[in-house]
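What follows is a set of notes on a single structure, which appears directly below.
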There are 2 protein chains.
Amino acid sequence: MIGVIATLTVAEGKNAEFEAIFTELAKQVRANEPGCHAYQLTRSRANPQVYKVLELYADEAALKHHGGTEYFKAAGPKMGPCMGGRPEIEYLDGV
Amino acid sequence: MIGVIATLTVAEGKNAEFEAIFTELAKQVRANEPGCHAYQLTRSRANPQVYKVLELYADEAALKHHGGTEYFKAAGPKMGPCMGGRPEIEYLDGV
């Protein structure tokens, strides 16, 4: 299992737009990626502009497949204008 | 949905013992908590003494139930001697 924590900082006033784009992406992931065991957008209680995506993949192949999907690649440019900082992506090894 | 990221720092030489205790706990959680959608121990690639538990609960009631189970309460004292620092628990709201 591979874990990913993606920390995304959204610009002020862009939360609703970001959440709509991400929710659509998450639907696609859940519908098309059996190797993805969790793909959950969450929002920080400490800072409402900070979101953390909790992700779990069966293995490296499932993670690689995710990154290569058309819908994932299409979501990046849509989310770009909503961002308030660089995303931080942490990869973790399942135990 | 409620997300939890539990960051646990394990003392040098205690990794195997910690992982064994936690693996047993995770088995119990998966077998007994339908409201827990993910309970995955992962290990940092940056620091091998740092583990992050990625957790997802259907709602606050499921999270509260988890914390009240006998097996969860019993795991704390067992893991205590393995710890190399205070656990950091971050709660996040699902979107």
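What follows draws every value from the coordinates through simple rules; no lab data is involved. The shown structure was predicted, so the numbers you read here are calculated from the model rather than taken from an experiment. Glycine gets a Cβ as well: all are built from the backbone with ideal geometry, and neighbour counts include every protein chain shown.
Can you pull out the residues in region B:20-55 that are under 11 Å from the mean Cα position of the chain (by Cα), closer than 29 Å to A:Glu88 by Cα and crowded, with 16+ Cβ neighbours inside 10 Å? Listed by number, the residues that qualify are B:Phe22, B:Ala26, B:Ala38, B:Tyr39, B:Gln40, B:Leu41, B:Thr42, B:Tyr51, B:Lys52, B:Val53, B:Leu54, B:Glu55.
Screening A:Ala74, A:Ala61, A:Ala11 for residues that are touching a Cys at 6+ places or on another chain (Cβ under 7 Å) and away from every other protein chain (no Cβ under 13 Å) leaves exactly one candidate, A:Ala11. I'm checking my understanding of the structure. Among residues of region A:20-58 that are within 7 Å of chain B (Cβ to nearest Cβ) and of a type in the set (A, V, I, L, M, F, W, C), which one is nearest to B:Arg43 (Cα to Cα)? If we take residues in region A:20-58 being within 7 Å of chain B (Cβ to nearest Cβ) and of a type in the set (A, V, I, L, M, F, W, C), then A:Leu56 is nearest to B:Arg43 (Cα to Cα).
Of the candidates B:Lys52, B:Lys73, B:Lys78, the single residue that is of a type in the set (Lys, Arg) and in contact with a Ser or Thr (Cβ under 6 Å, 6 or more places away or on another chain) is B:Lys52. Considering only region A:81-91, I want to know if a residue exists there that is over 12 Å from the mean Cα position of the chain (by Cα), surrounded by fewer than 18 Cβ atoms within 10 Å (Cβ to Cβ) and within 14 Å of chain B (Cβ to nearest Cβ). Yes; the residues of region A:81-91 include at least one that is over 12 Å from the mean Cα position of the chain (by Cα), surrounded by fewer than 18 Cβ atoms within 10 Å (Cβ to Cβ) and within 14 Å of chain B (Cβ to nearest Cβ). Exactly one residue out of B:Glu70, B:Glu55, B:Glu24 is under 19 Å from A:Ala6 (Cβ atoms) and of a type outside the set (Phe, Trp, Tyr): that is B:Glu55.
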